[in-house]
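Presented below is the structure to which this report refers.
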Amino acid sequence: MRGAAMFSGLLAAAAAAFAAPLHAEVGAAAPEAVPLEVAGPQGPLAGTLLRPAAAQTAAAVILPGSGPTDRNGNNPAGVKAAPYRLLAEGLAARGIATLRIDKRGMFGSEAAVADANAVTIPDYVADTAAWVEALRAATGAPCVWLIGHSEGGLIALAAAREVEGLCGLVLVAAPGRPLGDVIKAQLRANPFNAPLLPAAEAAIDALAAGNRVDPASLPAPLLPLFRPAVQGFLISAFALDPARLAAEVRLPLLIVQGGKDIQVPVSDAERLKAANAGAVLAVLPDANHVLKDVAGQSRADNLATYQSPDLPLGQGVVATIAGFIRP
């Protein structure tokens, strides 16, 4: 999640919807990529609309994950897997238009705000509303799906409360616990963090209660995690419980989770499903956090896929999402 560097069986009744992928015909026309902009607070927000070459059946906004993740799903911290670009291309082959975006203050949306750290969850929800309106206008779609990856899943859940014109939600590798709980668990998992735990957990509890933390009260190793520039975002994120938000969703809801995701465990997806009886949970056993299949159990093999834009998305990723959202 932003500001936290550490966080860097399909239901039988739905089985027919998740059939084998449809394949584009040899020689078929390529989808059309179109730049799209909407107004941001101080400058434009930028994205890429990918129109299917064949008849359009649906439209979706892909909401990116944490930190400096761009519209293709890449991150200068070491992710080059391009999962959002590959997902958009796969969905276009099935008649689904997608809009993938750069978050305010980053990449093509750099001019939208002076400081990319000075954002909150409500800011991202407002941007999502603007993108939904723009995509509906550009495609003529009566409603738009939100596909939220990782932190983008939390944004999608928060947006479902407020944004008009939504068809439904697809949560991909999305956290099922409050961010503060996730960070606590990650800190506890490393025995070397034991001396830091009292101060870290006190800071998390303070932020979750809506209070800022004095950096002078923190041990030096915790300063990057709780630096003042990101505390506004952390306060807004810590206040949200993804499962409680999922319980409020009255739209179609698909939860997609990789069985080999080393950042978000399957238990988070199960928590989201337990909160919403109408949701569909699809666990793809070999997929990881960047939606690529991993052959073995090695962490090194898993992380190697983060550097592989030429490696296709995992088996069933595109087919599962397309089968759910296509009318």
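The values are calculated or read from the model by the stated rules, or taken from the named source; none is laboratory data. This one's a predicted model, so the numbers in the text were calculated from it and none came from an experiment. Every residue, glycine as well, gets a Cβ built from its backbone with ideal geometry; the counts of neighbours run over all protein chains shown.
When restricted to residues that are basic (Lys, Arg) and under 19 Å from GLY152 (Cα atoms), the stretch 271-327 contains 3. Only residues that are hydrophobic (A, V, I, L, M, F, W, C), part of a loop (DSSP other than H, G, I, E, B) and touching a strand residue (DSSP E or B) at 6+ places or on another chain (Cβ under 7 Å) were counted in the stretch 145-184, giving 2.
Screening PRO219, PRO242, PRO224, PRO252 for residues that are at pLDDT below 95 and not β-branched (Val, Ile, Thr) leaves exactly one candidate, PRO224. Is it true that some residue in the stretch 230-245 is in the same structural domain as LYS292 (by TED's automatic domain parsing), farther than 17 Å from ALA185 by Cβ, in contact with a strand residue (DSSP E or B) (Cβ under 9 Å, 6 or more places away or on another chain) and not aromatic (Phe, Trp, Tyr)? Within the stretch 230-245, not a single residue is in the same structural domain as LYS292 (by TED's automatic domain parsing), farther than 17 Å from ALA185 by Cβ, in contact with a strand residue (DSSP E or B) (Cβ under 9 Å, 6 or more places away or on another chain) and not aromatic (Phe, Trp, Tyr). Based on this model, can you work out whether LEU171 counts as loosely packed, with under 14 Cβ neighbours inside 10 Å and at pLDDT 95 or above? In short, no.
Return yes or no: is LEU146 under 19 Å from VAL317 (Cα atoms) and touching a Cys at 6+ places or on another chain (Cβ under 9 Å)? Yes: the conditions hold for LEU146.
Restricting to the stretch 250-266, what's the tally of residues that are in contact with a Leu (Cβ under 8 Å, 6 or more places away or on another chain) and surrounded by 18 or more Cβ atoms within 10 Å (Cβ to Cβ)? Count: 6.
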